[in-house]
Each structure stands twice: as structure tokens, then as C-alpha cells.
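Below is one structure, written out as C-alpha cells; comments come after it.
The values are calculated or read from the model by the stated rules, or taken from the named source; none is laboratory data. A quick note: this is a predicted structure, and the numbers were derived from the prediction, not measured. Backbone-built Cβ (ideal geometry, glycine too); neighbour counts: all protein chains shown. Quick note on the areas: whole protein, heavy atoms, side chains included, nothing else; ligands and nucleic acids left out. Shrake-Rupley method; radii C 1.70, N 1.55, O 1.52, S 1.80 Å.
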Amino acid sequence: MQRMFMRRVGLALLLMLAATALTFWLVTAAPGNVAALIAERAAGAGADGEMIAKIADDLGLNDPLPLRYARWLGDALTGDFGISLRTGKPMAEEFGERIPMTLALLTGGGVLALVLSLAMGIAGAASNGGGIDRVLHGMALVGASTPNFFVAAMLVIVFSVWLGWVPTFGVSGLTSWLLPWITIALFPASVLARVVRVNLQDTMSRPFATTGFAKGLTRGAVLLREALPNIAIPYMTTFGAQFTLMIIGAIVVERVFGLNGVGAFFIEAIRFRDFIGMQATLTLFVVFFVSINLIVDLLAMLADPRLRRPRKA
Amino acid sequence: MTAPIYQVEGLVIDLYTPTVSVRAVDGAGFHVAPGETLAIVGESGSGKTVMTLGPLGLLPEGVAVDLRGTARADGKDILAMSPAELSRLRGGFFGVIFQDPMSALNPMLKIGPQLAEQARRFAGLSAAEACKEAVSLLARSGIPDPEDRYDRYPHELSGGMLQRAMIALALAARPRVLIADEPTTALDATVQAQILALIRQIQKEDGIAVILITHDIGAVSVLADRVAVLYAGQVAEEGSAIDVLTAPVHPYTRGLLASVPDFRSENATGTKEIPGIPPNQAQLEPGCRFADRCELVQPQCRTHRPPLVKVGNGTVPHRVACPVVIAAEGIVIHV
Ligand SMILES: Nc1ncnc2c1ncn2[C@@H]1O[C@H](COP(=O)(O)OP(=O)(O)OP(=O)(O)O)[C@@H](O)[C@H]1O
Ligand code: SF4
Ligand SMILES: [Mg+2]
């Protein structure tokens, strides 16, 4: 267990290193010249070749790629991600303002996906082929096949434009979070609801479920107390994967609902060829991906008594 | 003879899956009295499990069950019960031991607390008493160091120990009828005898009724008071263990016993398998189910279902469903 734990952590660190190196290489290889952009910003149209060359030299842009990556990594480890070419503010400051927004979006969406998927999956399994099961199955199918920009548009039209219940843009108070949360949670909730439903059904036909019935439990009790703990591991793994994918959903949702989060910043960074901003944001995404997967892996290990307490030979 | 505590009559069970429909049990019945052990024997697929667990609603989910007949537990009709009533009966009146304890015990649940919960819910003990009871049940089931095992998960115990834990779990609610569905099939040969001895000891001590489903004729001869031989969902022969094992009448019972090595050595004809395979229970012909494999088959066997009739006049009724052998050997029928 201890060793497996250390191995996972080590692997995660290695993965982050590899992924940031890859994005660094891709971003620097992209067309566009950082030095030219900086010069332009400083001197407007008066920027000449000499000035650009000097800036490139000062920033070490002519050094070999591995050296530049190492320098970038060293800075990044101290929390210095450079200065955004677009906003002119240090990336650390940008992140400080924007991460809370994105985190609120992801956390709310994640909790909603968790609650919805468990409720839908369990209700479906309890109904076991009945009307509720079929309706929920249909809903999950629709939810898993509707693109989030479309969901967002529909929600805004109905709840903001028609009913006027929530603002169309920006956040002010809890109700304004509802539409972004629903939009971002719909896809993962639908996928996860199917995972719950299918795994519960499979588990209910296993011999230990029969033992549960033989113990005198009602079907509902067997479902919740005997079957549900057994789907924890597949559920957690899929939840981790879906939660990390939500960062991609966040890019769209933040734009549509006018949230000043990291996702919206990323889109702007691409549009303005803000290489520093792109690299910093991608690094943040990589760290998010890898650490969420690591946390989920470790939690799943803890949830499984066979891994938590391996049998002594 | 004591009155039966659990009695099933005229049971018909049809199973439907999306691809097949099977008449798994076709007009079979059995009964068992307190302190008595009934063995149910028959080939794989003959319907032993479905017949015994079906009336309790213990068939795995995913197969639709159509069930007719009567089943009385302590005089109460269990087929007419609501799901909630039947749940309580399953927990408290019946204790069930399954074939493979590795898959029959929930891998995510500790052993001891499950026993304690049964004792609390069905034997009416307080939480503290139930915990003590669980430990003593584990000890009684022959599990060494029961306090330690109380907090163990199934994967931390060996197969034999798990089956003992399963037995303890079945007993925790102090059931009146213990059903053991091939309790030793998945275990090592040395452990098998220990588990059977444990079941026998428990039955002696508690005087409960035991239904033992088994392929193991040796186990039948050691444990059973009465035997029911099941063939293709019907009872071919039933009676006291002595009658059925030493004076079998039905050609299927005779074949089954002859296929067991070293059994009834004085007149054994060597081990031989019964030729042929059981009928396809999805498309049943009228008449005797055994006709296609029976050396004594007569034309009327294929058209008329042989009734189960009482032969001999022992205190324990011996019933056989083969008019041909009864007539040929001049066996006296009792009404
Ligand atoms: N879950 C199921 N789905 C479909 N058919 C089933 C199912 N369980 C049992 N059957 C069918 O019902 C019949 C009786 O099966 P049952 O399990 O009672 O036999 P058994 O005598 O207990 O056999 P074994 O000795 O192998 O346990 C068989 O024809 C079998 O194919
Ligand atoms: S009734 Fe006929 S077919 Fe059936 S066992 Fe007897 S002799 Fe054989
Ligand atoms: Mg069986």
C-alpha cells in the first residue's frame, strides 16, 4: 500500500514534468514571435528589428529549448509564470483573480454531477426496468449527447430571457451560479448516472446480493447497503475522469456566461497569441488533470478493503 | 414423526430470460421437520437450487420467475406474503449457506458486524449483546481467534474459514430451517468433511431443520434422514436415507448411486455414468422425463407422467415415480 502510494505520486510528478515540457515545446514552436509582441507593446509601431533582437536576447529566447524549459520550470516552481503578453499583469496575479471563479464553477458542477448521478442511478436501479428507470435512461442519453453550448443557450433563453429568474451574464449571488453549474454538470451527471445504474444492476445479480436478500434485507436495503459500496471503485474512477474533463467544459461555459475564470482567459490567450499566458494556463490544466486523477486513484485504493488491507501471506 | 416445519407442494417454476424460457421445477415438492435433515440430490441443472430457493424469492435478479404451488413455513403460506413479510421470514426463519463463500460474502463488508446485525434484528439482542453473540457464533462455527476475525473482510480469510463464517451468518438470526446449497463443493476435500461435521453438530445442538442440497452421496449417507431425488425438475424418488440409498427403486436413483465410486460396495457393479443427457427443459415432452435415458423404457412411459406412489410400509414414506419397475419387481404400493 505505502509503496503503491509512493509509486503513484512519483508517476504523477513525472507525468506533470513530461506534459509541461510537451506544452512548452508546442507553444514555443507555434508561429508568432514573443519578442516582437513585447516590442510592439512597448514601442507601438516604432518597434524595429534591433529592439526585437535585444528583447529576444534579454529574455534568452535564443538559448536552446531544454535550457529555456529548465529556466521556465525553475521560475514556475517559485510561482513565477511570467507576465501575460495580453494583460501585462503577472500570471500569478491573473491566476489569483481567476482560479477562485473556475474553482467555484468546477466544485459546484462536480457536486451537482455527484448528487444527480447517484440519485438518478439509484432511482433507476430501484425502479429496475419500470417507468422511472426508462425515463431516467432517456434523460441520461439526452444529457450525454447534447453539446454544452447548446444546453447553455437553452437554459439562458428559458430561465433568463423568458422567465427572468437569473441574470444572463456574470455572477452576482448564488442563483446566478445555477445555470453555469447545471450546464457544466449535465454531461458528467448523465455519464455517471449510467455508470451507477449499470454497475448496480450487475452487482444486484451477484451471489453476495442474494446473500443480502437471504439476510432478510428488503431490495432497497440490498441496493444501498450491499450493492452501492461495491460500485464505489468504478464510480470514483469515472468521476475523476469526468471531473477533469469538466475543465474543458469550463472553457465554453465561462465564455457563454461571462465568468472571468481561467478557461475564459485561456481562450483570450490563444486569440492574442499570449504565449506566456497559454503556457501558464496549460500548466495549470496539467496540474489539475494529474492531481485530480492522483487523488481519485488514492481514494479508490483506500475505498477497496482488498487494497487497503492486502491479505498477509 | 414430527409435523413438517417447511413444506412445499406442487411447485412449478418457470424461468424466463430474454433468450430462453425454462420449466426449472415441474410439480415437485418436499418437506422437512424440526431436527430432520433432508438431502436433495440430482444432476447439475435438475432444479435443486431453483426449487429450494425459488419460493423464498432468492433467485438471482435478471431472470423473471413465474412460480405456482404451495409453500408453507410454520403453517404460513409464504407465496402469498408481501415482499416485506417475506424479507423478514428470509432473515429470521430461514438461514441459507451458499456454495461458494468467496462470492457469497460481500467483499466490502466486515464479517462480524453483519453477524451482529442479524442477531440484533432477528434475535432481539441489544447492540452490545449482539456483538458478543457474533463473536461466540464465530467461535461456535470453529473459527479460531474470533475476536480478531470479527473485524476482518472476506478476502482476509481462507475458503474454509469463510464457509464457517457463512454458517455463522446463517445462524445469527437463530433460524428454524437451515438451507445449505452445496456447501462444500467449492472447498478442499479435507475442509469438506469439517464443514459437514459442523452442520451436523449445529443441527444436533439446535434441533433445527436442515435442507442439504448436494452431489455428494457420501455426505447424504452421513447427514441425511431423508432424501429427495430430483430429475429434470421432478421428484423421481423420495424416502428415508436408508431406503433410498440401500433399496433404490427408480432407475435414475439406481443409476445415480451406481455412478458413485465405493458406495454400497457389497453389490456395486463398478462405477458407471448414466448414459445420455437430461432433457431440454425448454421443450418438455409429456411422459417420464427420464425416458430417453432409461434402459427399461416402455411405450406408455412416453405418454403418461408417472405418478409418485408410496412403496413399502416404513414409518417414513418411500415414494417412487416409476410404475414400470414397481410392476416388474412386484413392489407393493401403499395408499
Ligand atoms: N439464472 C438463471 N437463468 C436462466 N436459467 C436458469 C437460471 N438459474 C437456473 N436456471 C435453469 O433452471 C434449471 C434448474 O437450475 P438449478 O440451478 O436449480 O439446478 P441445480 O440442480 O441447482 O444445479 P447445480 O447442481 O448445477 O447447482 C436449469 O435448467 C437451469 O438452466
Ligand atoms: S417410468 Fe419408464 S422411463 Fe421412466 S424411469 Fe420408469 S421405466 Fe424408465
Ligand atoms: Mg444449484
Once the Cα atoms of helix B:127-140 and of chain B are each reduced to a long axis, what angle between those two axes, in degrees from 0 to 90 to the nearest 10, is obtained?
-> 50 degrees
Hey, any idea what the orientation-averaged projected area of the convex hull of the range A:1-134's Cα atoms comes to, in nm²?
-> 14.4 nm²
Can you give the mean number of other chain Cβ atoms that lie within 10 Å of the Cβ atoms in peptide B:102-113?
-> 5
Computed over the range A:2-77, Kirkwood Rh from alpha-carbon pairs, angstrom = 14.6 Å
For the range B:39-163 the translational diffusion coefficient, Stokes-Einstein from a Kirkwood Rh over Cα pairs at 4 °C and viscosity 1.567 mPa s, in µm²/s, is roughly 78 µm²/s
Taking the alpha-carbon centre of each part, the distance from the range B:101-171 to the range A:1-67 in Å is 61 Å
Go ahead and collect, in residue order, the members of the range A:162-206 whose backbone nitrogen is under 17 Å from a label point 7 Å along the Cα-Cβ direction of A:A104.
-> A:166-185
Accessible surface ranking that places the most exposed of A:F239, A:F187, A:F149 first, with a 1.4 angstrom probe = A:F149, A:F187, A:F239
With charges set only on the Cβ (+1 for Lys and Arg, -1 for Asp and Glu), what does the dipole of the protein assembly as shown come to about its Cα centre, in debye to the nearest 20?
-> 580 debye
Just how large is the dipole of chain A about the Cα centre, in debye to the nearest 20, putting +1 at every Lys and Arg Cβ and -1 at every Asp and Glu Cβ?
-> 1780 debye
With a Förster radius of 22 Å, plug the Cβ-Cβ distance of A:T175 and A:F149 into 1/(1 + (r/R0)^6) and report the FRET value to the nearest 0.05.
-> 0.55
Once the piece of chain linking B:A327 and B:V12 is laid out straight, how much longer is it, given 0.36 nm per residue of separation minus the C-alpha distance between them?
-> 110.6 nm
Charges only on Cβ, +1 for Lys and Arg, -1 for Asp and Glu: so what's the dipole of the range B:107-169 about the Cα centre, in debye to the nearest 20?
-> 180 debye
With a 1.4 Å probe and all protein chains in place, put B:D74, A:D58, A:D63 in order of accessible area, largest first.
-> A:D58, B:D74, A:D63
Over chain A, calculate the relative contact order: mean separation of alpha carbon pairs under 8 Å at least 6 apart, over the residue count, as a percent.
-> 25 percent
Where does helix B:111-122 land angle-wise versus the long Cα axis of chain B, in degrees 0 to 90, nearest 10?
-> 80 degrees
Calculate the tail of P(r) for the range B:107-169: the fraction of all Cα-Cα distances greater than 21 Å, expressed in %.
-> 13 percent
Short version: what are the Cα gyration tensor semi-axes of the range A:80-179, square root of 5 times each eigenvalue, largest first, in whole Å?
-> 36, 18, 12
For chain A, just list the percent of Cα-Cα distances falling in each 20 Å bin from zero outward, please.
-> 26, 47, 23, 4, 0
Looking at chain A, do any whole DSSP H helices span at least 24 angstrom along their long axis by alpha carbon and average 1.0 or above on Kyte-Doolittle, and which?
-> A:2-29, A:91-127, A:232-256, A:275-303
D_trans [Stokes-Einstein, Kirkwood Rh over alpha-carbon pairs] for the range B:274-314, 20 °C, 1.002 mPa s, µm² s⁻¹ | 184 µm²/s
Among A:L179, A:L114, A:L136, whose Cα lies farthest out toward the positive end of the dipole of the range A:91-308, if unit charges sit on the beta carbon of Lys, Arg (+1) and Asp, Glu (-1)?
-> A:L136
Once you average over the residues of A:216-222, how many Cβ atoms of partner chains fall within 10 Å of each Cβ?
-> 5
Hz values of 3J(HN,Hα) by residue in the range B:86-97 - Karplus curve (6.51, -1.76, 1.60), Gly and Pro given as x | 5, 4, 5, 5, 4, x, x, 8, 10, x, 10, 10
Volume per residue that the Cα convex hull of chain B spans, once the total is divided by residue count, Å³ | 145 Å³
When the Cα centres of the range A:122-136 and the range B:214-233 are compared, how far apart do they sit, in Å?
-> 42 Å
For the range A:191-249 and the range B:197-213, distance of Cα centres in Å | 36 Å
Find the Cα radius of gyration of the protein assembly as shown, compare it with 2.2 N^0.38 Å by division, and give the number to two decimals.
-> 1.36
Over the range B:41-123, what is the relative contact order in whole percent, taking alpha-carbon pairs under 8 Å and six or more residues apart?
-> 19 percent
Against the longest alpha carbon principal axis of chain B, how many degrees, from 0 to 90 and to the nearest 10, is the axis of helix B:159-172 turned?
-> 80 degrees
